[in-house]
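A.B. asks: Below you'll find the structure I mean.
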Amino acid sequence: MQYRRRPLVLVSMLLGVLSLMACKKDPAPGGQESGSAAKPAAPAEVGELNLLIFPDYIDEKIIKDFEAQTKAQVRLTRYDSTEEMESKLAYAGAESQYDVVIMASQILPRMVRRGLVRPLDHAQIPNLKNLESRFSGAGFDDNNKHGVPYQWGTVGIVYNKKKLPNLEPSWSSLLDPQKLAGTFVLLDEQRDMLGSVLKYKGFSSNTTNANEIREAGRVLKDVKKQSKCLGFKGGVGAMEDVRAGSVDMAVVWNGDAQKAIEQDKERLAFVIPKEGSVIWVDVMTIAAKAPHPELAHKFINHVLTPEGGAQLSMYTKYASPNAAAQGKLPEQDRTNTLIYPTKEVADRLEHHRDLGEAAKVFDEVWTEVKSQ
C-alpha cells in the first residue's frame, strides 16, 4: 500500500507474529482451521485450494460439491476483521500461501496498490454473466478486474426484545452515554463501525473530512468507557453474545442477525437505525502469488453458478449479487426486507467506497479507539 503509514504496518506485522506465537492451530472438520488467530496456511499441496474467509461464511455443501467436481481439497483459514485479513495476507510470503481471499470491496483498491491480489482472467470465469449489472459494470472495480462480488448486506442493531421491548430505533441507543438502553458490544470492523457512527452524526460514511472522522472516533472512545459497553467483537461473536443473553444488544451484520432470529423469533429482533447505515459488498479475489490460480478461478466460477449462488445466500442469509441465483432462492428469503431492504430503508443506506489517502485518518482513529 502506497499511503499507509509505516508504524501501522509494523504494528500489524507484530500483532500477526504474536498471534502466531500465542495460538496453536486446532483442526476442524473439512480441512478448516478454527479460530481467528489460525496460522497462515502451509504451502499448498497439489490439488488443494486455500481459502481466506470470515467465519461461518460459506456452506459446507458448496465446498463438498466443488471438491467432488475438481477432486481438490478446500482448506479454510478464517479471520474476524478486515484488519486481521490484511495483516494475514501481507505477512511475509503469505500472498503465496492463499488462493482465494474473500474481502470487503472497499479494501480491494488498497490491496491492488499493495500488489497483494492479481487481475482475474475472465475467460476462466464464464459465470460472470450471472452478476447483476450494478455489480459488474464500470462502476464496480473497473469491470471486475480484480474482484467478483460474493455477498452484500448492511449493518444494524440486534437486540433482545424481551429485555428491551421499547428500544428506540436509533444509534443513540448504544452511542449516546445518556441514552444507553442496555448492555452491548460494538462491531470490530473499522469501516462498518466508524461508518455507522458517521451516519449517526449526520455525516457521510465515506467522508474524507478529518474532523468528521475524528468526531466519530471521539463518540466511540466516550461510549467505550461506559460500564454497559462490553467491548468490540466480530459479527458472529457479537451475535452469539446477544443470543446467549450475556449482552442486551450488539452492532452486527444483517445476515448474522437473520440466522439467529430464525431460531428465536420470540426473543430477538434487528433494526437498521433511523439515522441510516452502510451497505457493504464482499468480493472474491485471487492472491498475487496464489499457488493454484487455475483452481482459484474454478472456485469463483463455481460460486457464480445459479445453484452455488443460491446455496450460499440460503446459508449466510445475506443478499446475493448473482441475478441467476436470486430466482432459485425461497420466497421467504427473496421477500425478506431484513435481507433485501425496502426502498425506504435503502434510501438511508450508503455504499462503502475506496477513500484513497483519507483512509490514513480512518486507520489512525480506529487505532486510537481500540488502544484507549
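A.B. asks: Looking for whichever is more than 30 Å from Lys228 (Cβ to Cβ) and over 17 Å from the mean Cα position of the chain (by Cα) here; the options are Ser172, Ser136. Which one fits? Reasoning before the result, please.
C.D. replies: On the way: Ser172 fails: more than 30 Å from Lys228 (Cβ to Cβ).
From the options Ser172, Ser136, the qualifying one is Ser136.
A.B. asks: If we keep just the residues of region 131-155 that are out of contact with any Leu (no Cβ under 9 Å at 6 or more places or on another chain) and open to solvent by less than 10 Å² (accessible area, probe 1.4 Å), which is farthest from Val223 (Cα to Cα)?
C.D. replies: Going through the qualifying residues, I end up with Phe135.
A.B. asks: When you go through (1) within 21 Å of Gln106 (Cα to Cα); (2) basic (Lys, Arg); (3) within 20 Å of the chain's Cα centre (by Cα) one by one for Lys259, which number turns out not to apply?
C.D. replies: Checking Lys259 against (1) within 21 Å of Gln106 (Cα to Cα); (2) basic (Lys, Arg); (3) within 20 Å of the chain's Cα centre (by Cα), the one that fails is (1).
A.B. asks: Another question, if that's okay. If Met13 passes every condition in (1) modelled with pLDDT of 50 or more; (2) open to solvent by 40 Å² or more (accessible area, probe 1.4 Å); (3) among the aliphatic types (A, V, I, L, M) but one, which one does it miss?
C.D. replies: Among (1) modelled with pLDDT of 50 or more; (2) open to solvent by 40 Å² or more (accessible area, probe 1.4 Å); (3) among the aliphatic types (A, V, I, L, M), the lone unmet condition for Met13 is (1).
A.B. asks: Are there any pairs with C-beta distances below 6 angstrom linking a residue in region 73-101 that is closer than 18 Å to Gly147 by Cβ to a residue that is of a type in the set (Gly, Ala, Ser) and modelled with pLDDT of 90 or more, with the two at least 6 apart or on different chains, and if so which?
C.D. replies: Every condition considered, the pairs that remain are Thr82/Ala104; Glu95/Ala287; Glu95/Ala288; Tyr98/Ala287; Asp99/Ala290; Asp99/Ala296; Val100/Ala296; Val101/Ala287.
A.B. asks: While we're here: Tell me which helices (runs of 4 or more DSSP H) are completely within region 126-201 and hold 3 or more residues being under 27 Å from Leu268 (Cβ atoms), or say none if there are none.
C.D. replies: By residue number, 172-175, 190-200.
A.B. asks: For Leu186, indicate whether it is touching a Cys at 6+ places or on another chain (Cβ under 9 Å), hydrophobic (A, V, I, L, M, F, W, C) and open to solvent by 10 Å² or more (accessible area, probe 1.4 Å).
C.D. replies: Spelling it out, it is not the case that Leu186 is touching a Cys at 6+ places or on another chain (Cβ under 9 Å), hydrophobic (A, V, I, L, M, F, W, C) and open to solvent by 10 Å² or more (accessible area, probe 1.4 Å).
A.B. asks: Give the residues of region 107-119 that are open to solvent by 20 Å² or more (accessible area, probe 1.4 Å) and assigned to a loop (DSSP other than H, G, I, E, B), sorted by residue number.
C.D. replies: Those that are open to solvent by 20 Å² or more (accessible area, probe 1.4 Å) and assigned to a loop (DSSP other than H, G, I, E, B): Arg114, Gly115, Arg118, Pro119.
A.B. asks: So, one more: Name the residues in region 165-180 that are out of contact with any Leu (no Cβ under 9 Å at 6 or more places or on another chain) and open to solvent by 20 Å² or more (accessible area, probe 1.4 Å), would you?
C.D. replies: Of everything in region 165-180, those that are out of contact with any Leu (no Cβ under 9 Å at 6 or more places or on another chain) and open to solvent by 20 Å² or more (accessible area, probe 1.4 Å) turn out to be Pro165, Asn166, Leu167, Glu168, Pro169, Asp176, Pro177, Gln178, Lys179.
Every residue, every condition in (1) surrounded by fewer than 17 Cβ atoms within 10 Å (Cβ to Cβ); (2) among the polar types (S, T, N, Q); (3) within 20 Å of Leu180 (Cα to Cα), yes or no:
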| residue | (1), (2), (3) |
| --- | --- |
| Ser205 | no, yes, no |
| Thr208 | yes, yes, no |
| Cys229 | no, no, yes |
| Lys233 | no, no, yes |
| Asp248 | no, no, yes |
| Ala260 | no, no, no |
| Ala269 | no, no, yes |
| Lys274 | yes, no, yes |
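A.B. asks: Quick check on my filter: what residues within region 209-255 are within 16 Å of the chain's Cα centre (by Cα), aliphatic (A, V, I, L, M) and assigned to a helix (DSSP H, G or I)?
C.D. replies: Those that are within 16 Å of the chain's Cα centre (by Cα), aliphatic (A, V, I, L, M) and assigned to a helix (DSSP H, G or I): Val236, Ala238, Met239.
A.B. asks: Same structure again: Can Phe184 be described as touching a residue at least 12 places away in the same chain (Cβ under 8 Å), aromatic (Phe, Trp, Tyr) and farther than 27 Å from Val369 by Cα?
C.D. replies: The answer is no for Phe184.
The values are calculated or read from the model by the stated rules, or taken from the named source; none is laboratory data. Fair warning: this is a prediction, and the values are worked out from it, not measured in the lab. Because the Cβ atoms are built from the backbone with ideal geometry, glycine has one as well, and the counts that use them run over all protein chains shown. The accessibility values were calculated without ligands, DNA or RNA, using every heavy atom of the protein model including side chains. Shrake-Rupley method; radii C 1.70, N 1.55, O 1.52, S 1.80 Å.
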